[in-house]
């Protein structure tokens, strides 16, 4: 099976709440990762925080151990919980599946998360699954554990990805424009009607396929125009006096892409906020391009950590 078909089969099994079918998609030693909220150290790639991990923001863990926990889904979601595929593509042995969750936790708390699953596939199955989601929403709905623990980590050290396509070059230039707090450069990479979506934590904003929301209080969440969101990028220099560095560490370019199609960029943001808090978020940006310019940005990251630094009153 291809990387794309394997990843889609895994999400389909999740949607059926079939833990055994999910487990069957993984290779021996496979890892399932979710970012870790306030404990930035626990979310480091290649690190397993062990039995004292936070929940549901668990960092890296053995995928089969996670699947055994999924066997109890019927207790957490008596009527089941959906994982509805919205969009999927692959570049080589890595697939990206965007999905939307829908269920009632313990029959009473609505759970409606949005995900970017980044799935690495080998001949024997999935070796690595990174589940980028609205962690603030997950922490708000689930009965969590160890979510108040704080720890920082060193910035990521990884070689810069080398683009194979024109679209890949544009995607990296987009990340660089944010790191440089350069809204004009960012706008120049996008079409005039380009949109930017980010999830909203406790406040469930509309999803990435919704109509554009021009409300002034929605500029940092929901689906807005890039022209408006870019104004926030220009303000990063004030929020991070010593700078905010965005480091891209993996680039997934859609198979067969030229200057149009889908690109995902996994990125770490690192900087000291004016509040004194260290901001160290991990992102999956999914970008749609047409004619060599970006037409849509979807931003998946650790919203629990993001709100904790920027807007702690919203947690």
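The values are calculated or read from the model by the stated rules, or taken from the named source; none is laboratory data. No experiment lies behind these values; they were computed from the predicted model shown. Glycine also receives a Cβ, built like all others from the backbone with ideal geometry; neighbour counts cover every protein chain displayed.
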* In this structure, does residue 13 turn out to be modelled with pLDDT of 95 or more, in contact with a helix residue (DSSP H, G or I) (Cβ under 6 Å, 6 or more places away or on another chain) and assigned to a helix (DSSP H, G or I)? -> yes
* **Index of the failed condition, residue 255 passing every other in (1) within 16 Å of residue 119 (Cβ to Cβ); (2) surrounded by fewer than 21 Cβ atoms within 10 Å (Cβ to Cβ); (3) within 19 Å of the chain's Cα centre (by Cα)** => (3)
* Identify, by number, the condition in (1) surrounded by 17 or more Cβ atoms within 10 Å (Cβ to Cβ); (2) touching a residue at least 40 places away in the same chain (Cβ under 8 Å); (3) farther than 25 Å from residue 200 by Cα that residue 74 doesn't meet. => (1)
* What single numbered condition from (1) under 30 Å from residue 88 (Cβ atoms); (2) out of contact with any helix residue (DSSP H, G or I) (no Cβ under 9 Å at 6 or more places or on another chain) fails to hold for residue 280? -> (2)
* Structure fact -> All conditions in (1) more than 23 Å from residue 45 (Cβ to Cβ); (2) assigned to a helix (DSSP H, G or I) are true of residue 176 except (1)
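With the structure loaded, tell me whether residue 37 is closer than 25 Å to residue 158 by Cβ and more than 22 Å from the chain's Cα centre (by Cα) or whether it fails that test. Reasoning before the result, please.
Details: closer than 25 Å to residue 158 by Cβ: yes; more than 22 Å from the chain's Cα centre (by Cα): no.
Considered against the rule, which asks whether it is closer than 25 Å to residue 158 by Cβ and more than 22 Å from the chain's Cα centre (by Cα), residue 37 comes out as no.
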* Regarding residue 5, is this residue without any contact (Cβ under 8 Å) to a residue 60 or more places away in the chain, in a helix (DSSP H, G or I) and farther than 28 Å from residue 153 by Cβ? -> yes
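Before we move on, is residue 108 in contact (Cβ under 8 Å) with a residue 12 or more places away in the chain and either more than 20 Å from residue 255 (Cα to Cα) or in contact with a strand residue (DSSP E or B) (Cβ under 8 Å, 6 or more places away or on another chain) (or both)?
Values: in contact (Cβ under 8 Å) with a residue 12 or more places away in the chain: no; either more than 20 Å from residue 255 (Cα to Cα) or in contact with a strand residue (DSSP E or B) (Cβ under 8 Å, 6 or more places away or on another chain) (or both): yes.
No: the conditions fail for residue 108.
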* Would you check if there is a residue in region 182-201 being within 22 Å of the chain's Cα centre (by Cα), modelled with pLDDT under 95 and in a loop (DSSP other than H, G, I, E, B)? => yes
